[in-house]
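One structure is given here, and the rest of the page talks about it.
The values are calculated or read from the model by the stated rules, or taken from the named source; none is laboratory data. Since this is a predicted model, take the numbers as computed values, not measurements. Glycine gets a Cβ as well: all are built from the backbone with ideal geometry, and neighbour counts include every protein chain shown. Note: areas computed on protein heavy atoms with side chains; ligands, DNA, RNA excluded. Shrake-Rupley method; radii C 1.70, N 1.55, O 1.52, S 1.80 Å.
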Amino acid sequence: FLRLARYDRKSGEVRGLSDTWDGAPDTWDFTPDGGTILFTADTRGRSHLYALGIDGGEPKLVARGGVIAGVTSAPGPRSGSPRLAFNRRSFTAPPQVATVTLADGLQGKEPRLLTAFNAAKLAGLELGTVSEETFTGGGGDPVHMFVIYPPGFDPNRKWPLLHFLHGGPYGSFQDDFHFRWNAQLAAARGYVVALVNFHGSTGYGQAFEESILGGHGALPFQDVMKATDALLAKGFIDERRMAAAGGSY
């Protein structure tokens, strides 16, 4: 489980900076003045951008995903607040470059998109509806999943179900325009696509990640089966046409 720490090269002291925060920082960098650490972290199926002072404390949310990645910073406008640029994407939007000043992000202002790649192509597509829900999974624990419905979805019809199972085992399905496991592409073929963030998935706290130690297949299997039951109970899944696809795990 990742934690941020600061190492003093003179004294040899190692000081934890985010030990009380139940999240896992990733891809960190500094603002130009060296006073703030910028990092992304998985948070309930999304990857957000956070800021943390060099002396530690509680990370502060700067910008929400979808998925945010590739963060870089540069000196900002006259206010002195650094300008941040990053890649931002979601289930319904391919990657674009976005920007926000650190001060604006901390005040809750939305980033501004700098690019609009493939906008004309997207305008000609009907994408599936994205939903998410929490159900009771293995061990009676709450488990989160995304569901992508086919374009033109009619709940009065029967639809085939396709589970995407993420690899890892540590990892998660995120609100992401993924170029390998693209849920919109599968939904466009007429499937209801379920993406369960089963036990062991990142972004739901350390205890949830560690729950699979010593039994990597048990709780995740229960989660996927219980997700299947929950979707069948809605009445629009064809129980004769259900499948699963996945990667390394």
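Some values worked out for this structure:
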{"item": "Pairs, first farther than 15 Å from I54 by Cα in the range 11-34, second aliphatic (A, V, I, L, M) and open to solvent by less than 40 Å² (accessible area, probe 1.4 Å), C-beta under 8 Å, six or more apart", "result": "G23/A41; A24/A41; D26/A41; T27/A69; T27/V71"}
{"item": "Hey, F198 open to solvent by less than 40 Å² (accessible area, probe 1.4 Å) and modelled with pLDDT of 95 or more or not", "result": "yes"}
{"item": "When residues of the range 100-138 are limited to those that are part of a helix (DSSP H, G or I) and without any contact (Cβ under 8 Å) to a residue 40 or more places away in the chain, the one surrounded by the most Cβ atoms within 10 Å (Cβ to Cβ)", "result": "D104"}
{"item": "Selection within the range 1-35 - surrounded by 11 or more Cβ atoms within 10 Å (Cβ to Cβ), over 26 Å from S172 (Cβ atoms) and either modelled with pLDDT of 95 or more or in contact with a Leu (Cβ under 9 Å, 6 or more places away or on another chain) (or both)", "result": "R6, F30, T31"}
{"item": "Candidates R44, R88 - the one that is charged (D, E, K, R), open to solvent by 30 Å² or more (accessible area, probe 1.4 Å), in contact (Cβ under 8 Å) with a residue 24 or more places away in the chain and in a strand (DSSP E or B)", "result": "R88"}
{"item": "Residues of the range 47-85 satisfying the condition of being in a loop (DSSP other than H, G, I, E, B), more than 20 Å from E132 (Cβ to Cβ) and in contact (Cβ under 8 Å) with a residue 40 or more places away in the chain", "result": "I54, G56, G57, P59, P75, P82"}
{"item": "Where Y170 falls short, out of the listed (1) open to solvent by less than 70 Å² (accessible area, probe 1.4 Å); (2) within 14 Å of the chain's Cα centre (by Cα)", "result": "(1)"}
{"item": "Condition check for A103: over 19 Å from the mean Cα position of the chain (by Cα) and aliphatic (A, V, I, L, M)", "result": "yes"}
{"item": "Among (1) open to solvent by less than 30 Å² (accessible area, probe 1.4 Å); (2) touching a Phe, Trp or Tyr at 6+ places or on another chain (Cβ under 6 Å), the one test that G65 misses", "result": "(2)"}
